[in-house]
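**Q** The structure is given below, and queries will be raised subsequently.
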Amino acid sequence: MNNIKSILQSGLQTMNINLSVPQQLQLLAFVDLLKKWNSIYNLTALRDETSVISHHILDSLTLLPYVQDARGLIDVGSGGGMPGIPIAIARPDLPVALLDANSKKTAFLQQAVIELGLNNVQVITARVEAMVGEHFDVITSRAFAELADFVNITKQLMADGGMWAAMKGVHPYEEIAQLPNTVEVLSVDKLNVPGLNAERHMVLMRKKDMI
């Protein structure tokens, strides 16, 4: 546990993320929950806690600088809770919705929310296409779908002035080329995740009619 704790602390320091000791303990408790439930619900292919810290926790927290002014965030296809749960821990003031159509995954998410005491998190079991009536100023996903599909099936959830924040691996040149002409790419930022030897990019987009 001390080794994992030091790896987390080192990663946070490298990323210039300041979290309280209770928040760091929540993140470590989340890693324990992933490990505990993984054999039942197949939440991650990773078995090593060190890899979970880098590939899931720190990777999820690369979203943090992009949600500084957010009033509400939805994590579409949340799966095991990434990036939504680490963001909710880091930003207890930010309302976060975790959406997944798989009831087994959302059963885990609901349990994690209860055990971690995340009062700012709502878990929703539904297909994103069926979601109506709620709006968020940040819509995010991590390896959920290609960009065109992502924006098309979530556009009804976008609040005025909001943005999509799609977490991708290699630079998605071809996916960007397939985006509808109603969507503007704001930036494609290369990310550095401590302990993760793979490319990561954040693609920020908005509706053109919001200009």
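**Q** For the range 187-211, enumerate the residues that are surrounded by 13 or more Cβ atoms within 10 Å (Cβ to Cβ) and within 15 Å of GLY161 (Cβ to Cβ).
**A** Result: LEU204, MET205, ARG206, LYS207.
**Q** Continuing with this model, one more query. Can you tell me which residue is farthest from PRO92 (Cα to Cα) among those in the range 5-20 that are without any contact (Cβ under 8 Å) to a residue 60 or more places away in the chain and buried (at least 17 other Cβ atoms within 10 Å of the Cβ)?
**A** Applying the first criterion (without any contact (Cβ under 8 Å) to a residue 60 or more places away in the chain) to the range 5-20 yields 5-6, 8-9, 12-13, 16, 18, 20.
Narrowing the set further to residues that are buried (at least 17 other Cβ atoms within 10 Å of the Cβ) leaves 8, 12.
Values: LEU8: 19, LEU12: 17 Å.
The extreme case among them is LEU8.
**Q** Can you pull out the residues in the range 130-158 that are modelled with pLDDT of 95 or more and part of a strand (DSSP E or B)?
**A** Passing the criteria: PHE136, ASP137, VAL138, ILE139, THR140, SER141, MET158.
**Q** Let me ask you something else. If we scan the range 68-80, do we find a residue that is in a loop (DSSP other than H, G, I, E, B), surrounded by 15 or more Cβ atoms within 10 Å (Cβ to Cβ), of a type in the set (S, T, N, Q) and without any contact (Cβ under 8 Å) to a residue 60 or more places away in the chain?
**A** Checked the range 68-80: at least one residue is in a loop (DSSP other than H, G, I, E, B), surrounded by 15 or more Cβ atoms within 10 Å (Cβ to Cβ), of a type in the set (S, T, N, Q) and without any contact (Cβ under 8 Å) to a residue 60 or more places away in the chain.
**Q** Can I ask one more? As an exercise: evaluate LEU98 against (1) among the aliphatic types (A, V, I, L, M); (2) modelled with pLDDT under 95; (3) touching a Ser or Thr at 6+ places or on another chain (Cβ under 6 Å) and give the number of the one condition it does not meet.
**A** Condition (2) is where LEU98 drops out.
**Q** For the range 29-40, what are the residues that are of a type outside the set (Gly, Ala, Ser) and surrounded by fewer than 16 Cβ atoms within 10 Å (Cβ to Cβ)? If you could, list the steps in order and put the result at the bottom.
**A** Just the residues of the range 29-40 that are of a type outside the set (Gly, Ala, Ser), to begin with: 30-38, 40.
Of everything in the range 29-40, those that are of a type outside the set (Gly, Ala, Ser) and surrounded by fewer than 16 Cβ atoms within 10 Å (Cβ to Cβ) turn out to be ASP32, LYS36, ILE40.
**Q** Which one is farthest from SER54 (Cα to Cα), of the residues in the range 183-210 that are of a type in the set (Val, Ile, Thr) and in a strand (DSSP E or B)? Steps first, please.
**A** Residues of the range 183-210 that are of a type in the set (Val, Ile, Thr), as a first pass: 183, 185, 188, 193, 203.
Pick out the ones that are also in a strand (DSSP E or B) and you get 183, 185, 188, 203.
Numbers: VAL183: 31, VAL185: 27, VAL188: 21, VAL203: 20 Å.
Here the answer is VAL183.
**Q** Condition first: charged (D, E, K, R), within 16 Å of the chain's Cα centre (by Cα) and part of a helix (DSSP H, G or I). Can you find one or more residues in the range 55-62 that meet it?
**A** Among the residues of the range 55-62, at least one is charged (D, E, K, R), within 16 Å of the chain's Cα centre (by Cα) and part of a helix (DSSP H, G or I), which makes the answer yes.
**Q** Now, a different point. Which condition from (1) under 17 Å from ASN119 (Cβ atoms); (2) part of a helix (DSSP H, G or I) is the one that PRO65 breaks?
**A** (1)
**Q** Hey, another quick one. Any residue at all in the range 92-110 that's assigned to a helix (DSSP H, G or I), closer than 16 Å to THR154 by Cβ and of a type outside the set (Lys, Arg)? Before you say what the answer is, go through the steps one by one.
**A** Of the range 92-110, the ones assigned to a helix (DSSP H, G or I) are 103-110.
Next cut, closer than 16 Å to THR154 by Cβ only: none.
Checked the range 92-110: no residue is assigned to a helix (DSSP H, G or I), closer than 16 Å to THR154 by Cβ and of a type outside the set (Lys, Arg).
**Q** Let me ask something additional. So how many residues does the range 99-134 have that are under 18 Å from the mean Cα position of the chain (by Cα) and surrounded by 14 or more Cβ atoms within 10 Å (Cβ to Cβ)?
**A** Adding up the residues that qualify gives 22.
The values are calculated or read from the model by the stated rules, or taken from the named source; none is laboratory data. Note that the coordinates shown come from a computational prediction; the quantities given were computed from them, not determined experimentally. Virtual Cβ from ideal backbone geometry, glycine too; neighbours counted across all protein chains shown.
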